[in-house]
1. Residues that are closer than 27 Å to residue 141 by Cβ and without any contact (Cβ under 8 Å) to a residue 24 or more places away in the chain: find the strands (runs of 3 or more DSSP E) completely inside the stretch 1-119 holding 1 or more of those.
2. Here's a check for you: in the stretch 187-212, which residue that is modelled with pLDDT of 80 or more, more than 16 Å from residue 172 (Cα to Cα) and more than 17 Å from the chain's Cα centre (by Cα) is surrounded by the fewest Cβ atoms within 10 Å (Cβ to Cβ)?
3. Of all residues being of a type in the set (A, V, I, L, M) and within 23 Å of the chain's Cα centre (by Cα) in the stretch 53-73, which is surrounded by the fewest Cβ atoms within 10 Å (Cβ to Cβ)? Just the residue, please.
4. Just for the stretch 233-287: of the residues that are among the hydroxyl-bearing types (Ser, Thr, Tyr), touching a residue at least 40 places away in the same chain (Cβ under 8 Å) and in a helix (DSSP H, G or I), which one is surrounded by the most Cβ atoms within 10 Å (Cβ to Cβ)?
5. Tell me whether the stretch 296-311 contains one or more residues that are aliphatic (A, V, I, L, M), within 20 Å of the chain's Cα centre (by Cα) and open to solvent by 60 Å² or more (accessible area, probe 1.4 Å).
6. Just the residues that are under 24 Å from residue 180 (Cα atoms) and surrounded by fewer than 18 Cβ atoms within 10 Å (Cβ to Cβ), please, taken from the stretch 222-232.
7. Can you tell me which residues in the stretch 74-108 are of a type in the set (A, V, I, L, M) and either under 25 Å from the mean Cα position of the chain (by Cα) or buried (at least 17 other Cβ atoms within 10 Å of the Cβ) (or both)?
8. Name the single residue that is farthest from residue 285 (Cα to Cα) among those in the stretch 324-334 being under 18 Å from the mean Cα position of the chain (by Cα) and surrounded by fewer than 16 Cβ atoms within 10 Å (Cβ to Cβ).
Amino acid sequence: MAKEEQRPDLALDKSSEQGFCKFFATLEQKDNTIRLFERSNGDYYSVHGPDATYVANVVYKTPSVLKKLGGNLPSCTMSRVVAENFMRDALLNYQLRVEIYASQVRDGSWSIAKTASPGNLQEVDEMLFRNSEVATVPLVMAVMAKGEQVGVAFVDPAQRSIGVCEFIDNDVYSNLESLVIQLNVKECLIEQPGATQSLESRKVAGVLDRCGVVITSIQKNKFSVSNIEQDLGRLVDSKAPIASLPEFDLKRSMGALAVIISYLNLLTDESNYASYTIGTHNLAQYMKLDASAVQALNLMPSPQDGASKTMSLYGLLNRCKTSQGKRLLKQWLKQPLLSVTEIEDRLGLVEQFFENIECRETLRSV
């Protein structure tokens, strides 16, 4: 809980206050989106309207921090440190989107300077993890579903890896649900529904919502493979021609991948060129878990667990020293092996670390 005395004072003259209230009234309401307004060149931030009420309840735990601008606009401030901690929690734990507004020096008008969503943290990455390691790597997926034919693509910007997968699914998309669980997807891009939303798109959205995944609708024409060969040629480190790769034959996945490349703006950063790997995800190599099973087994902590770290299986097992280790433990819990040989190999490693105390302590001290 942030301390009230840490809050900066939002001191505006009457003209600035009236001008801001007038501007804020023109903003369209967005579900699951928090708007932060940068003050004093980022020294602190303000939130307004329903967002201010949310921050007062979640961050400060009291409505007494609210101030009324213009007589009726609830407002609240946060120091830079408090705001960054709040954004990290909102994006990674509460599956909210964030928009950061900055004012223009020349005329005092406001415009969006940065945006972030649970699967796309690139614009705020430095703000969120300036003083902490990344314990959870956001992964964004895109889906093209036509009846029982499903094509997906996913990108991990931190590992600079691309994955694709195509499979036949049933009428409740249980395979898609298992894949979302296996990969710990934070955000999924789907085709923007038309005037009459199809039954299959409603089912896909229902699966994603059940798994706690943020859904982003993208125009259907963005799922185009017209430039995917050229785009992958820039991103993927491959000596072989892109068109000769087995992944390239998965046309639905390629359409989904084209949307992700555009959404993450991967081609605007030249450091991404020839730095990505691409591979096919084998859905059948892991046990199928759905959202109900993950919840019933209490595998992962939930935001409601608060400070208690042992309310889930992950919380009990997590004694990892590094962020990479924490991510691997989460991956193993959500991807139970099916191969007896691989299971025995993993158990053999566990046995070695359990019995060889010196080796275990040496590795932890490195």
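The values are calculated or read from the model by the stated rules, or taken from the named source; none is laboratory data. In this text the structure is predicted, and so the values were computed from the model without any measurement. Neighbour counts are summed over all protein chains in view; Cβ atoms, including those assigned to glycine, are modelled from backbone coordinates with ideal geometry. Side chains included, ligands, DNA and RNA excluded: accessible areas come from the protein's heavy atoms. Shrake-Rupley method; radii C 1.70, N 1.55, O 1.52, S 1.80 Å.
1. Where strands (runs of 3 or more DSSP E) fall fully within the stretch 1-119 and carry at least 1 residues being closer than 27 Å to residue 141 by Cβ and without any contact (Cβ under 8 Å) to a residue 24 or more places away in the chain, they are 110-116.
2. Filtering the stretch 187-212 for residues that are modelled with pLDDT of 80 or more, more than 16 Å from residue 172 (Cα to Cα) and more than 17 Å from the chain's Cα centre (by Cα), the one surrounded by the fewest Cβ atoms within 10 Å (Cβ to Cβ) comes out as 192.
3. Checked the stretch 53-73; the qualifying residue surrounded by the fewest Cβ atoms within 10 Å (Cβ to Cβ) is 58.
4. Applying the filter and picking the extreme gives 253.
5. no
6. Once the filter is applied, which keeps residues that are under 24 Å from residue 180 (Cα atoms) and surrounded by fewer than 18 Cβ atoms within 10 Å (Cβ to Cβ), the stretch 222-232 yields 222, 224, 225.
7. 78, 81, 82, 83, 87, 90, 91, 92, 96, 98, 100, 102
8. Per the criteria, the residue is 324.
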